[in-house]
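Reviewing the structure listed below.
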Amino acid sequence: MTQVAVLSAGSWGTAFALVLADAGCDVVLHARRPEIADRINARGENPDYLPGTRLPAGVKATTEAATALADADIAMLSIPSQTLRTNLAAWAPLIEPDTLVVSLMKGIELGTGLRMSEVIADSTDIDPASIAVLSGPNLAREIAARQPAAGVVACTDHDAALHLQAACHTPYFRPYTHTDVIGCELGGAVKNIIALAIGLATGLGLGDNAKATLMTRGLAETARLGTALGADPATVAGLAGLGDLTATCLSPLSRNRTFGAHLARGLTVEQASSATGQTAEGAKSAYSVLDLARRHDVEMPITELVVAILNGQVTTDQAVRLLMTRTPGAERM
């Protein structure tokens with residue numbers, strides 16, 4: 001039986017622990033708070049993040065990272081992206097050399113512009129071929145309800161991707177393999193920014209035409225940046241690109257869309273974050289993605305205006321006018 005450690009016990013980590021257990025894995029979920037670990041072990045439920053969801057018997061919880069990682073064949077990291085490097089300082093010595101490390105995170109590190117797989121490689125001795133990512137249109141609450149979904153497991157080592165695929169394939173979750181780690185990670189990071197923009201549009205009462213425009217041109221921004229960084233442009237059209245973008249932009253379950261809608265209604269960044277309740281990665285990644293785009297001379301006007309709104313440099317109404325009055329040109333990706 002495949003032994004899997006999932007760090008940590010937020011909504012996505014808990015939901016994917018359920019998938020892994022349903023696929024036949026033995027799962028240990030790392031929770032920071034003892035009361036969450038106790039409730040999971042005693043009741044088979046994480047009421048703080050997925051109330052009402054019964055977890056399989058194959059999911060156990062602990063507050064000790066060493067216990068979770070002991071003898072783990074796969075270690076899945078599901079924490080806010082900007083905290084990854086700090087957490088790895090404590091976790092890296094506990095990870096066995098033959099453990100496959102998987103990022104469930106969708107962000108770009110502030111300051112360095114590194115993707116999450118790159119942060120793992122940069123801050124540990126783990127071989128990049130032993131680092132994988134999982135991405136796609138995977139809203140935690142729908143996954144926890146065992147509604148049909150698909151995702152992409154990407155690793156430069158195709159055999160490792162196949163191993164991960166087998167570990168999380170269930171009747172309701174269909175994982176596809178990929179070797180384009182760059183494209184899969186960028187798709188997940190940029191879609192959070194575009195979903196934030198969709199939330200802004202929703203809060204302003206803009207129609208479906210405007211939202212479709214933001215989604216389509218947001219996908220073009222992802223493609224341009226991905227191409228500059230060496231990704232396969234075709235990845236943007238797949239589950240980790242268009243698929244993830246669609247789910248995150250259209251669903252009211254999306255944290256980033258919810259965060260953007262709160263901003264459009266007049267809340268400050270801090271108030272919007274509090275009202276959203278959980279981390280909206282787009283609010284942080286917008287800065288690092290824009291910095292990455294500028295380093296590679298890639299035009300990303302939607303991302304640029306999201307950052308300007310977050311900084312208070314323009315209002316949401318001004319941002320709409322700025323986008324609509326840009327110099328007309330030919331459509332391109």
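Look at V27 and say whether it is under 21 Å from the mean Cα position of the chain (by Cα), farther than 20 Å from S117 by Cβ, in the same structural domain as Q165 (by TED's automatic domain parsing) and in contact (Cβ under 8 Å) with a residue 60 or more places away in the chain. If you could, list the steps in order and put the result at the bottom.
Values: under 21 Å from the mean Cα position of the chain (by Cα): yes; farther than 20 Å from S117 by Cβ: yes; in the same structural domain as Q165 (by TED's automatic domain parsing): yes; in contact (Cβ under 8 Å) with a residue 60 or more places away in the chain: no.
It is false that V27 is under 21 Å from the mean Cα position of the chain (by Cα), farther than 20 Å from S117 by Cβ, in the same structural domain as Q165 (by TED's automatic domain parsing) and in contact (Cβ under 8 Å) with a residue 60 or more places away in the chain.
Is there a residue in region 192-200 that is of a type outside the set (A, V, I, L, M), part of a helix (DSSP H, G or I) and out of contact with any Gly (no Cβ under 9 Å at 6 or more places or on another chain)? Before the answer, list the steps.
Of region 192-200, the ones of a type outside the set (A, V, I, L, M) are 192, 199.
Checking the rest, the ones that are also part of a helix (DSSP H, G or I) come to 192, 199.
Filter once more, keeping what is out of contact with any Gly (no Cβ under 9 Å at 6 or more places or on another chain): none.
No: region 192-200 contains no residue that is of a type outside the set (A, V, I, L, M), part of a helix (DSSP H, G or I) and out of contact with any Gly (no Cβ under 9 Å at 6 or more places or on another chain).
Is there a residue being more than 19 Å from D232 (Cα to Cα), out of contact with any Gly (no Cβ under 9 Å at 6 or more places or on another chain), of a type outside the set (F, W, Y) and free of Cβ contacts under 8 Å to residues at least 24 places away in the same chain anywhere in region 146-161? Outline the logic, then answer.
Here is the first cut: in region 146-161, the residues more than 19 Å from D232 (Cα to Cα) are 146-150, 159-160.
Then keep just the ones that are out of contact with any Gly (no Cβ under 9 Å at 6 or more places or on another chain); that gives 146-148, 159-160.
Then keep just the ones that are of a type outside the set (F, W, Y); that gives 146-148, 159-160.
Remaining after also requiring free of Cβ contacts under 8 Å to residues at least 24 places away in the same chain: 159.
Checked region 146-161: at least one residue is more than 19 Å from D232 (Cα to Cα), out of contact with any Gly (no Cβ under 9 Å at 6 or more places or on another chain), of a type outside the set (F, W, Y) and free of Cβ contacts under 8 Å to residues at least 24 places away in the same chain.
Before we move on, is R146 part of a loop (DSSP other than H, G, I, E, B), closer than 23 Å to L20 by Cβ and in the same structural domain as C25 (by TED's automatic domain parsing)?
Values: part of a loop (DSSP other than H, G, I, E, B): yes; closer than 23 Å to L20 by Cβ: yes; in the same structural domain as C25 (by TED's automatic domain parsing): yes.
Here the answer is yes, as R146 does meet what is asked.
Failed condition for G241, given (1) part of a loop (DSSP other than H, G, I, E, B); (2) touching a residue at least 40 places away in the same chain (Cβ under 8 Å); (3) surrounded by 16 or more Cβ atoms within 10 Å (Cβ to Cβ), with all others met?
G241 satisfies every listed condition except (1).
Do any residues in region 43-58 that are among the hydroxyl-bearing types (S, T, Y) have Cβ atoms under 6 Å from those of residues that are in a loop (DSSP other than H, G, I, E, B), where the two are at least six apart or on different chains, and which pairs are they?
Cβ pairs passing all conditions: Y49/G10.
Here's the yes/no breakdown for (1) outside any helix (DSSP H, G or I); (2) under 29 Å from I182 (Cβ atoms); (3) outside the structural domain of G203 (by TED's automatic domain parsing):
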residue	(1), (2), (3)
L245	no, yes, no
H262	no, no, no
Q278	yes, yes, no
L290	no, yes, no
R294	no, yes, no
E299	yes, yes, no
V307	no, yes, no
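Please state which one of L219, L206 is surrounded by fewer than 24 Cβ atoms within 10 Å (Cβ to Cβ) and not in a helix (DSSP H, G or I).
On the way: L219 fails: not in a helix (DSSP H, G or I).
Every option except L206 fails the conditions.
Could you tell me which of the residues R326, R295 is out of contact with any Ser or Thr (no Cβ under 6 Å at 6 or more places or on another chain), loosely packed, with under 15 Cβ neighbours inside 10 Å and at pLDDT below 95?
On the way: R295 fails: at pLDDT below 95.
Testing whether each residue is out of contact with any Ser or Thr (no Cβ under 6 Å at 6 or more places or on another chain), loosely packed, with under 15 Cβ neighbours inside 10 Å and at pLDDT below 95 leaves just R326.
Would you say P97 is loosely packed, with under 15 Cβ neighbours inside 10 Å, outside any helix (DSSP H, G or I) and either without any contact (Cβ under 8 Å) to a residue 12 or more places away in the chain or in the same structural domain as R146 (by TED's automatic domain parsing) (or both)? Explain how you work it out, then say what you get.
Working: loosely packed, with under 15 Cβ neighbours inside 10 Å: yes; outside any helix (DSSP H, G or I): yes; either without any contact (Cβ under 8 Å) to a residue 12 or more places away in the chain or in the same structural domain as R146 (by TED's automatic domain parsing) (or both): yes.
It is true that P97 is loosely packed, with under 15 Cβ neighbours inside 10 Å, outside any helix (DSSP H, G or I) and either without any contact (Cβ under 8 Å) to a residue 12 or more places away in the chain or in the same structural domain as R146 (by TED's automatic domain parsing) (or both).
Against the conditions (1) in a loop (DSSP other than H, G, I, E, B); (2) within 17 Å of the chain's Cα centre (by Cα), where does M76 fall short? Just the number, please.
(1)
Considering only residues of region 1-20 that are without any contact (Cβ under 8 Å) to a residue 60 or more places away in the chain and either under 21 Å from the mean Cα position of the chain (by Cα) or within 25 Å of E281 (Cα to Cα) (or both), which is surrounded by the most Cβ atoms within 10 Å (Cβ to Cβ)?
A17
The values are calculated or read from the model by the stated rules, or taken from the named source; none is laboratory data. This structure is a prediction, so every number in the text was calculated from the model and none was measured. Note: ideal-geometry Cβ built from the backbone for every residue, glycine included; neighbour counts use all protein chains shown.
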